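**Q** Quick one: the structure is below, and I'll ask about it shortly.
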Amino acid sequence: CAFPKTSTLSIPNAHTLSTTNSSTNAATVSSVYTGMSYNMSTGNDTEIFFHSTCHYPAEGADGAEIPCTDWVFDDVNMLPTLSTENLWVCENAWRPYTIMTMFWVGNVVGALSMGLVSDRFGRRPALLVCCLLYGTAGVASAFVSNFYAFLVLRMLVGSVHHTLPHLSFVIVLEFCSSSRRVVPLFVVTMIYTVASMLATVLAYSIWGWRTLVVITAAPALAIVFIYHWIPESASWQLTQGKIEEATTKLHHIASVNGKNLSRENISKIIAKATNNVELVSNKKDSEINNQHDDSSYTNTKLLSVLLTYPILRRRIIIVMIIWMLGCMCYYGHAQNTANMGKHLLLNYFLGAAAEIPSWATPFLIERFGRKPPLFAVFLLSGVAGIVYCGLVGVVNVSAVGLIGRLAVSAVYCITLQYGPEVFPTVVRGQGVAMAETLAGIAILLSPAIGYLEEYYNGLPLLVFGLLGCIAAGLTLLLPETKGISLPNTPEEAENITPSN
């Protein structure tokens, strides 16, 4: 808040500039640098006084306050936002928080919807919808200033925020053999880290949120030019009885890879899997759903699997809890990165750079399996959070915080690989979607945990650390999936032995 300084007005909690909250982009209104004051000459013998509050005391009146009408924002460490443009502070400070909340509400709704679409109509059409929705709503949000219009557009972007990259990953994963399934994970991990670092460079270079939003959202629209070359998952086609299409697709892939496989040989290879899927599908249609309508069967299949296969049900529930805790801890550590210094963009860049060693994760899980590395990095992230809480304020714990960020990044990578390998193909889209839905709920809760910092600086990471230790224990209850073929049917997933 900026107001004229007079000889009789003394504000002990004044400071240079009001700041911007990194998680909500709303201007904070609480006193940060207590006991400091600052004044600036305007060139006409008038001085401006800065204070982070919604009101300031009226001169010569005991207890009287005047609402602040002029605001100055820190445009050195934080680029301008829609919040600063529209002065969403004080009585309007709820608006940025509501936008962020509805973004993740959209993620919850969209993940469930896209999961059903991908299992019912295929991975490819679902990916097209995600890209078009992300690109159009994202670009449009850069050209609106109305609160409610912006809210709806960001909610639409949030509805495919996780599904878009994860669905792309699942398509590639379902084409890979057991010995090559970590390759797409390595590519995803590397691209995410590089893109996060590049985003800070772009933000610093452009220094305008509207241009930045357009640059990051528009590339998704390129799918209209490359959609013809995006293949449908052959595994999904087999589960839907589309044998001829799957055979043609696999024969083309074999030809491109220089493998001498005739259509007849490919048909023989997939015959057993096709028969198994058809038998299981027919059995579930008649015995579980008591329906023969394919649409009804597809829409209720995940629930049917959970009710019918007890071992698989327990594993799916554990995977979803681990996925939820992994996302919550990852975003919690990422938010804590902003507290490691005054320069928000620099902190974000360093936090992203700390994830570079996690590029080794795909090779570690290929060498040692999924379960032992996931247990180790969950435990490491948990210990780092607990140590950070114990030492904060005593010594510089930035290195400990970055170690926790690295460990939880590896958690995120392994969970992204591990989860789809536990789900059978017939419900993999819905299973991943349900896990993403729970992850969205967890991400919604993570800022509330971060707010515990108001009571003690290291308390949020203590909570995330304890959750990481709990997740490490749950990991031990899952079967090892390294080196086995992706299960197509619930029965195949049920029969994965814990010793594998």
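The values are calculated or read from the model by the stated rules, or taken from the named source; none is laboratory data. Computed from a predicted structure; not experimentally measured. Glycine gets a Cβ as well: all are built from the backbone with ideal geometry, and neighbour counts include every protein chain shown. In case anyone asks, the SASA skips ligands and DNA or RNA and just uses the protein heavy atoms, side chains included. Shrake-Rupley method; radii C 1.70, N 1.55, O 1.52, S 1.80 Å.
**Q** Going residue by residue through region 117-131, is there one that turns out to be exposed (fewer than 15 other Cβ atoms within 10 Å of the Cβ), out of contact with any Pro (no Cβ under 7 Å at 6 or more places or on another chain) and acidic (D, E)?
**A** Scanning region 117-131, I find no residue that is exposed (fewer than 15 other Cβ atoms within 10 Å of the Cβ), out of contact with any Pro (no Cβ under 7 Å at 6 or more places or on another chain) and acidic (D, E), so the answer is no.
**Q** Any residue at all in region 422-432 that's closer than 26 Å to A353 by Cβ, open to solvent by less than 10 Å² (accessible area, probe 1.4 Å) and in a helix (DSSP H, G or I)?
**A** no
**Q** Is it fair to say R180 is of a type in the set (K, R), surrounded by 15 or more Cβ atoms within 10 Å (Cβ to Cβ) and not assigned by the TED database to the domain that holds M320?
**A** No.
**Q** Tell me, which residue of region 137-150 that is of a type in the set (A, V, I, L, M) and open to solvent by less than 30 Å² (accessible area, probe 1.4 Å) is nearest to the chain's Cα centre (by Cα)?
**A** A137
**Q** Restricting region 253-265 to residues that are within 38 Å of the chain's Cα centre (by Cα) and surrounded by 13 or more Cβ atoms within 10 Å (Cβ to Cβ), which is farthest from S233 (Cα to Cα)?
**A** Among them, the one singled out is A254.
**Q** Return the pair list, or none, for Cβ contacts closer than 6 Å from residues in region 68-88 that are part of a helix (DSSP H, G or I) to residues that are of a type in the set (A, V, I, L, M) and open to solvent by less than 30 Å² (accessible area, probe 1.4 Å), at least 6 apart or on different chains.
**A** S83/A26
**Q** Specify which of the listed residues (L185, L198, L202) is touching a residue at least 24 places away in the same chain (Cβ under 8 Å) and either in contact with a Gly (Cβ under 9 Å, 6 or more places away or on another chain) or of a type in the set (A, V, I, L, M) (or both).
**A** L185
Residues checked against (1) within 23 Å of the chain's Cα centre (by Cα); (2) not charged (D, E, K, R):
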{"position": "Q335", "(1), (2)": "yes, yes"}
{"position": "Y348", "(1), (2)": "yes, yes"}
{"position": "E355", "(1), (2)": "yes, no"}
{"position": "L364", "(1), (2)": "yes, yes"}
{"position": "R367", "(1), (2)": "no, no"}
{"position": "G382", "(1), (2)": "yes, yes"}
{"position": "V395", "(1), (2)": "no, yes"}
{"position": "R405", "(1), (2)": "yes, no"}
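This table checks each residue for (1) touching a Ser or Thr at 6+ places or on another chain (Cβ under 6 Å); (2) outside any helix (DSSP H, G or I); (3) at pLDDT 90 or above.
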residue	(1), (2), (3)
S177	no, yes, no
I191	no, no, yes
Y204	no, no, no
V214	no, no, yes
A218	no, no, yes
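**Q** Among the residues in region 313-324, are any at pLDDT 90 or above, surrounded by fewer than 15 Cβ atoms within 10 Å (Cβ to Cβ), in contact with a Leu (Cβ under 9 Å, 6 or more places away or on another chain) and farther than 14 Å from A410 by Cβ?
**A** Yes, there is a match, as at least one residue in region 313-324 is at pLDDT 90 or above, surrounded by fewer than 15 Cβ atoms within 10 Å (Cβ to Cβ), in contact with a Leu (Cβ under 9 Å, 6 or more places away or on another chain) and farther than 14 Å from A410 by Cβ.
**Q** On to the next question. Any residue that is farther than 25 Å from A410 by Cα, out of contact with any Phe, Trp or Tyr (no Cβ under 7 Å at 6 or more places or on another chain) and not β-branched (V, I, T) - is there at least one of those in region 191-203?
**A** Yes, there is a match, as at least one residue in region 191-203 is farther than 25 Å from A410 by Cα, out of contact with any Phe, Trp or Tyr (no Cβ under 7 Å at 6 or more places or on another chain) and not β-branched (V, I, T).
Results for (1) of a type outside the set (G, A, S); (2) at pLDDT 90 or above, shown as yes or no for each residue.
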| position | (1), (2) |
| --- | --- |
| W94 | yes, no |
| M100 | yes, no |
| F103 | yes, yes |
| R124 | yes, yes |
| L133 | yes, yes |
| S141 | no, yes |
| S145 | no, no |
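**Q** Only one residue in I230, I226, I191 is more than 29 Å from W88 (Cα to Cα) and open to solvent by less than 40 Å² (accessible area, probe 1.4 Å). Which one?
**A** Among I230, I226, I191, only I230 is more than 29 Å from W88 (Cα to Cα) and open to solvent by less than 40 Å² (accessible area, probe 1.4 Å).
**Q** Return the residues of region 386-417 that are more than 18 Å from C469 (Cβ to Cβ) and open to solvent by less than 50 Å² (accessible area, probe 1.4 Å); say none if nothing qualifies.
**A** Of everything in region 386-417, those that are more than 18 Å from C469 (Cβ to Cβ) and open to solvent by less than 50 Å² (accessible area, probe 1.4 Å) turn out to be V392, V397, S398, C413, L416, Q417.
**Q** Let me ask something else about it. Examine region 222-236 for a residue that is within 30 Å of F143 (Cβ to Cβ), assigned to a loop (DSSP other than H, G, I, E, B) and modelled with pLDDT of 90 or more, and state whether such a residue exists.
**A** yes
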